[in-house]
Amino acid sequence: MKRKLLSLVLCVTLVASMAVGCGKKNNNSATKDTNSTETATNETKTDDTKETDDTTTDTTTTDTSSSELAYKGTINIMHFSTSEEAQGNGGSDGFRTMNQQWADAHKDIKLEQNVLANDEYKSKIATLAGANDLPDVFLLQGMNTKAWADQGLILDMTDIINTSPYAAQYDLSKFYPFQYDGKTYGLPALCEGSCAIVAYDSELWKAAGFDAFPTTWDEIVSAKAFFDDKKVTEVAFGNRDKWNMNSCFLSTVGDRFTGSDWYHSIIEKTGAKFTDQAFVDSLKFTQEIFQAGVFNKDFNAITNEDAREYYIDGSAAAVIGGNWDISYIGATLKESDPELYARTKFAVIPQPAGASGSTNTHNTGMGYAVAINAKVADDPDKLAACIDLAYKLTGSDFSTYVAENYALSALTKVDSVDMSKFDQFTTDFYNFYQNPGCEIYDSFLTGAVWDVLNTDLQTMVNGEIDPETVAANAQKAYEENY
């Protein structure tokens, strides 16, 4: 399978989850509504302290009227675009809006929606896959594509995609995480996002002697004395949940050492290994920089939500996170601290010394796709309805909505984005996405590999395990599970 290069993307700060392959959470919003009732949709969501089984199934029910579809029964869909997450989050807002529009247009179909917070979603969908009991329609994470396709759990959507009314408008590069053995198993959903974004206080860094955020880590280290004197952390980061070091740091830093061809070879099993020296060097750098004192000392004990609060309250001069973090930071600062909102700018992760693979990259992609349970094919009328819903959630209506309201890009191309109505924060983040992209590691392979690597990374940056052992363990998990 030949990988098509990702195109440059047109995105801005209020970008949707994607997360992209990231195991991201977005449970902290300015307003928390844990049991909201909306028109035609009742949702019960979980928070971090509840088990996923506490989440009830929600139902969109409408009366019987006109519908061009022959199917008249129930479709169940599972996703993580909660009303809470949709606040200021363009992709989730658009996803929920399209869901509701589709339900309104097909009043003789009952759309049951099981809506969970992101982490709970990932746990629950894996449990359902293990029991061969997936919902009719759901969000497929790239890393699960190969395994679930091999198990016959997910519908081959190749012909569905090729015959889509939006096929000519699709950005074909975005299908890569959902392709296996010459087939495609999902329509990329939500919006293009990045897991590796530096948000920084431009005035504070200017006072430290930098007109823009430093382009090398040597410069970051050289500014340590200035920020120590001010009792301000240079860069905030949270890795308590383990995935952050992989998704929000190593995916990009690794690309700086190895270049993109190395990871494509890992994905396609054409010879690259986690024990290759360039990747080991990226691990060595990661260990060294997290022991250099430029990050908050508690980086392994706090979440990404905690890290962004360090930036918001002024105790950190910068923060590294994903587009969901930027969404939250922007929405919060706009109300609570307009001056810091205006001072906030964006940069790629600085270049490590000795890295000769890529430069100025940030990991980017669409980590989830709308997929269909393979069992649905047993009922052609129901399958047609599920396909129609998938088209609605990823087609031109969705892309136009997020482009016009958030200046975001998605699977279906929009001719142009009018940036004149967006503020400087949004425009600056739009411009950030013009930097070249690289893959998000955990949008691919399998969770069995990442469970090993992510645990080892947390131990490694504490200095308790060496990079060579981390690489060897990752390679062993890769060979045994992928």
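The conditions are (1) of a type outside the set (Val, Ile, Thr); (2) outside any loop (DSSP other than H, G, I, E, B); (3) at pLDDT 95 or above, and Ala448 fails exactly one of them. Which is it? Just one mismatch for Ala448, condition (3).
Of the set (1) open to solvent by 10 Å² or more (accessible area, probe 1.4 Å); (2) not in a loop (DSSP other than H, G, I, E, B); (3) not β-branched (Val, Ile, Thr), all apply to Arg240 but (2). Look at (1) surrounded by 22 or more Cβ atoms within 10 Å (Cβ to Cβ); (2) over 20 Å from Asp325 (Cβ atoms); (3) touching a Lys or Arg at 6+ places or on another chain (Cβ under 9 Å); (4) not β-branched (Val, Ile, Thr) and you find that Leu457 fails only one, number (2). Filter the stretch 429-449 down to the residues that are open to solvent by 30 Å² or more (accessible area, probe 1.4 Å) and out of contact with any Leu (no Cβ under 9 Å at 6 or more places or on another chain), then identify the one that is nearest to Ala129 (Cα to Cα). Filtering first and then ranking leaves Ala448. Quick check on my filter: what residues within the stretch 390-408 are touching a strand residue (DSSP E or B) at 6+ places or on another chain (Cβ under 6 Å) and either of a type in the set (A, V, I, L, M, F, W, C) or more than 22 Å from Gly91 (Cβ to Cβ) (or both)? Result: Ala390, Leu393. Thr215 meets all of the listed conditions (1) closer than 30 Å to Leu333 by Cα; (2) over 20 Å from the mean Cα position of the chain (by Cα); (3) open to solvent by less than 10 Å² (accessible area, probe 1.4 Å) but one, namely (3). Looking across Lys413, Lys382, one residue alone is modelled with pLDDT under 95, touching a helix residue (DSSP H, G or I) at 6+ places or on another chain (Cβ under 7 Å) and surrounded by fewer than 24 Cβ atoms within 10 Å (Cβ to Cβ). It is Lys413.
Residue by residue, here is whether (1) open to solvent by 10 Å² or more (accessible area, probe 1.4 Å); (2) modelled with pLDDT of 95 or more; (3) among the basic types (Lys, Arg) holds:
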{"residue": "Thr258", "(1), (2), (3)": "yes, yes, no"}
{"residue": "Lys273", "(1), (2), (3)": "yes, yes, yes"}
{"residue": "Asp298", "(1), (2), (3)": "yes, yes, no"}
{"residue": "Ile312", "(1), (2), (3)": "yes, yes, no"}
{"residue": "Ile326", "(1), (2), (3)": "no, no, no"}
{"residue": "Pro338", "(1), (2), (3)": "yes, yes, no"}
{"residue": "Thr344", "(1), (2), (3)": "no, yes, no"}
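The values are calculated or read from the model by the stated rules, or taken from the named source; none is laboratory data. Every value quoted in this text rests on a predicted model; they were computed, and no experiment measured them. Heads up, the Cβs are rebuilt from the backbone with ideal geometry, glycines too, and the neighbour counts pull from every protein chain shown. Protein only, heavy atoms only, side chains kept; ligands, DNA and RNA dropped before computing areas. Shrake-Rupley method; radii C 1.70, N 1.55, O 1.52, S 1.80 Å.
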